[in-house]
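S.K.: Just dropping this structure here.
No value in this document is a laboratory result; all are computed from the given coordinates. All figures in this text were calculated on a predicted structure; none of them were measured in a lab. Neighbour counts are summed over all protein chains in view; Cβ atoms, including those assigned to glycine, are modelled from backbone coordinates with ideal geometry.
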Amino acid sequence: MDIVPDLAELISVLGRRLLDCLDALHEHAGQPDYIGGRWSMGNRTIENNNSSETDDVVDEYPQADAAQMEAARKQRMFSTWASSNPQQRFELAGDDQQSR
């Protein structure tokens, strides 16, 4: 049994899949993020640098700001509140007041 051709084929397949993943990441740059159940554009971007050559910027990706994260938190809290009973709602309201 000759394992070398099988290994070469495996390396080839893995290489193609890695390139597909990198292409998908590159296509995502400048695209909206999924924040709190909705697609939303970040108000700023962050750089992804090459780890071995930190001056080399690989790509930029959107990043949510504090207002977007707060809106997502409120949406998540509303979903929890809407599916709760009156006692749980009272407790949730108390927890929210204490966190401020």
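S.K.: Taking the Cα-to-Cβ direction at residue 69 and at residue 16 and moving 7 Å from each Cα, how far apart do the two end points lie in nm?
M.R.: 4.1 nm
S.K.: Per 0.36 nm of contour for each residue apart, how much would the distance between residue 60 and residue 89 grow if the chain were fully extended, relative to their Cα-Cα spacing?
M.R.: 6.3 nm
S.K.: Here's something else I'd like to know. Mind checking the full-extension length gain between residue 80 and residue 41? Use 0.36 nm per residue of separation minus the Cα-Cα distance, one decimal, nm.
M.R.: 11.5 nm
S.K.: Can I ask one more? With a cap of 15 neighbouring Cβ atoms within 10 Å, and only residues DSSP puts in a loop, list the GluC sites (Glu not before Pro) found in the stretch 44-93.
M.R.: Answer in residue order: 53.
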